[in-house]
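Let me begin by presenting the structure, written as structure tokens, before commenting on it.
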Amino acid sequence: MLVKDKNMQKGDTLIEALFAITVFSLVAVGAISIMNSGVATGQRALEISLVREQMDAQAETLRYIHDSYVAAYPNSVSGQPSGDWPKIIANQITQASTFGNCTPPSKAFVINPATVKVEARTTITSNVQTYSQLRLAPVFSSEGLWVEAVKSDSSNKYVDFHIRACWDSLGLSTPMTLGTIVRLYEP
């Protein structure tokens, strides 16, 4: 009968232990990398949804001002939403700015959806803390969100409104940009 000596027990060698730690480390780093990628994708999707809501609010407010103007045509009333339409039309530009450019043009504007008032370019900042949004309090401002009124062809039958947003997103080297166009026809 063979008797095992307690000093002769087999165990893991140093190389086996290092190999196991290396494999575990690679699996852990891979899992953390995949989780970070998933979180970043979720963050970008949330930012896009929130910015899209802000852009839709600008589009709906533009339509409301336009419809008010059409209902009151030809007598727009100063101090009413219909009175802002001539101000908007006065700021038309001949060509929209380059998409992806995060600097609003000089005639860009934004509409405060709470008061339905057109705000000048001075309320628009390119300094975006999180994502493009409107700040209603304590002072109205727009962070990375603006509207450009672009003249139509020579017929002047419509105006294209380019609603733009630009912000820095986590984990990306280039800014995120979103845009949409709303075409409104003159009465």
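Readers should treat all values here as calculations from the given coordinates under stated rules, not as data from a laboratory. For clarity, every value in this text was computed on a predicted model and none was experimentally measured. With ideal geometry, Cβ positions are generated from the backbone for all residues, glycine too; neighbour counts draw on all protein chains shown.
Some observations on this one:
- Considering only ASP56, ASP168, ASP153, the mean-square fluctuation computed in a Gaussian network model of the chain, springs between alpha carbons under 10 angstrom, is largest for ASP153.
- Tilt relative to the chain, helix 81-90 - C-alpha long axis, 0 to 90 degrees, to 10: 90 degrees
- When the helices of the chain are scored as -39500 (n - 2.57) per DSSP H run of n ≥ 4 and the total is divided over every residue, the value at 222 nm lands at -13500 deg cm²/dmol.
- Beta bridge orientation in region 15-185: antiparallel %, DSSP, nearest 5: 90 percent
- Selection from PRO86, ILE124, GLY171 lying farthest towards where the dipole of the chain points positive, charges on Cβ: GLY171
- Cα-based helix-to-principal-axis angle, 14-72 vs the chain, degrees rounded to 10: 10 degrees
- Considering only SER78, SER106, SER25, the Gaussian network model of the chain with Cα springs below 10 Å gives its largest mean-square fluctuation to SER25.
- Listed residues THR22, THR98, THR13, most fluctuating in the chain (Gaussian network, C-alpha, under 10 Å): THR13
- Among the chymotrypsin sites (Phe, Trp or Tyr not before Pro) within region 55-127, those in coil by DSSP and having at most 12 neighbouring Cβ atoms inside 10 Å are PHE99.
- The trypsin sites (Lys or Arg not before Pro) found in region 9-72 that occupy coil by DSSP, while having at most 14 further C-beta atoms within 10 Å, are LYS10.
- Cα Rg, Dmax, region 15-185, angstrom units: 22.1, 88
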